[in-house]
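Here is the structure we will look at.
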């Protein structure tokens, strides 16, 4: 499960080829799970258009609010992060496989192990993955350009940029909703 920020560190098709040569059977965009996250948020907004939410796929922000600003916890949206939604999709689509999240943030390890241990998500940072590639001597290959994701979510790839959640919801909205009431962190 590659986080939407992966192009900052890796070339699109090369990373898929390298992961498959490393032994991964399937390579999935976490952007696919972000589609589910957006659906969950839109349902909340439809259910109560006057409600206000703080929503974040970032476990660091969620923990900051829980630990330092407990008076704001009531505003944390109950939606699942794209990583969690993607892991759930993988469990359904590829039963028997272990979801492995690959992204930039070490705090995703806490989200996986403390908040969703039932999913058995293994988390690797980009730095850790690069070390594994070095150790296993996995290099780019000219045939990697043929590789593609096994599960995609192209309209939510912008999650990695500032305001990406809100922007991807706006592009997917099929009904009028005021997304300005969502504080994206």
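What follows draws every value from the coordinates through simple rules; no lab data is involved. The structure displayed is predicted, hence computed values, not measured ones. Positions of Cβ are backbone-derived with ideal geometry, glycine not excepted, and every protein chain shown enters the neighbour counts.
General observations
- Least to most buried among 91, 18, 146, 137 (fewest other Cβ within 10 Å first): 137, 146, 91, 18
- Cβ-derived FRET efficiency at R0 35 Å, residue 63 paired with residue 39, nearest 0.05: 0.90
- Using C-alpha pairs below 8 Å separated by at least 6 residues, the relative contact order for the range 1-100 is 35 percent.
- Extension gain from residue 130 to residue 14, taking 0.36 nm per residue of separation minus the Cα-Cα distance: 40.5 nm
- Each of 42, 129, 110 has some number of other Cβ atoms within 10 Å of its Cβ, and from fewest to most they run 110, 42, 129.
- Distance between the 7 Å Cα→Cβ label points at residue 118 and residue 47: 1.7 nm.
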